[in-house]
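Reviewing the structure listed below.
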Amino acid sequence: METSIALKTSIAIVDDHRLLAQALADLIQKFDNYEVSIVAENGRDLIRHLGQGNCPDIVLLDINMPEMDGFETAAYLKEHCPACKVLALSMMDREENIVRMIRNGVRGYLLKGCRPAELRLALDDLRTKGYHYSEFMTTQLVRSLNPSENGTPAALFNLNDRELTFLKLACSELTYVEIADKMCVSARTVDGYREAVFLKMQVKTRVGMVLEAIRWGLVQL
């Protein structure tokens, strides 16, 4: 008499925090019907694995990673591996990040602080329904569609008064040394403002910061 063996759903974990990635892998290995086939440090590392013929059913994808971040990786998978169901797993809960990831093809979005049961539910939903819309994700999407509820752009990025002042001055032709003089602070303090604003606005250069500031109406041309 023949017996059928249910195939396990293969999982890829893409996260540059090795300890967390391994802990996730160990947790998922304990779930019935799932197995971790790939653990990658970033999108570029994942692509190397995919080039070896390993195409997972589900990809757990961090956003903030070096070399190739979650946004780029999700877009790549959407184009080159559309059968992979992508679940974003991130520390960042900003609405614009969620919307951007969804536009890049992700099927669900979880915060890293979620409980194991929530992760298991998300994996089950992806396997059976093809998507997982948590209450958190739905709430953030509704807020993104109603920008008046989000308050000012400065509040959206959680910029304090000094950071906002720095941002407006940085959108001029002033050098960072001149900005420090205008704000009556040291150059090192201005460096701190710059790093804080870059992090909060998720940009890497002054040009990127200026473009985001213009896009969100933080400065006027």
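The values are calculated or read from the model by the stated rules, or taken from the named source; none is laboratory data. Computed from a prediction, not measured in an experiment: that's the story for all the values here. Counting neighbours? That spans all protein chains shown, and the Cβs are built from the backbone with ideal geometry, glycine included. The protein model used for the area step is the full one, side chains on, heavy atoms only, and it has no ligands, DNA or RNA in it. Shrake-Rupley method; radii C 1.70, N 1.55, O 1.52, S 1.80 Å.
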Revision key, fill the gap. Here the longest stretch of the chain that holds no GluC sites (Glu not before Pro) in a DSSP loop having at most 14 other beta carbon atoms within 10 Å is 68-172
Check your understanding: Of the heavy-atom accessible surface of the chain (probe 1.4 angstrom), what whole percent is carbon and sulfur?
Key -> 53
Practice item. Hey, can you find the accessible area per residue of the chain for me, probe 1.4 Å, expressed in square angstrom? Key: 57
Exercise for review: Starting from 0 in steps of 10 Å, tell me what percent of the Cα-Cα pairs of the chain lands in each bin.
Suggested key: 7, 29, 28, 20, 11, 3, 1, 0, 0
Review point. What are the principal axis extents of the Cα atoms in the stretch 1-116, in Å, biggest first?
Key: 55, 31, 23
Exercise for review: Amide H neighbours of Thr9 under 5 Å, at least 5 residues apart or on other chains, H built in the peptide plane: list them.
Suggested key: Tyr34, Glu35
Revision key, fill the gap. From highest to lowest solvent-accessible area (probe 1.4 Å; ligands, DNA and RNA excluded), Ser37, Ser10 read Ser37, Ser10
**Study point:** Length-normalised contact order for the chain - Cα pairs under 8 Å, 6+ apart - percent
**Key:** 12
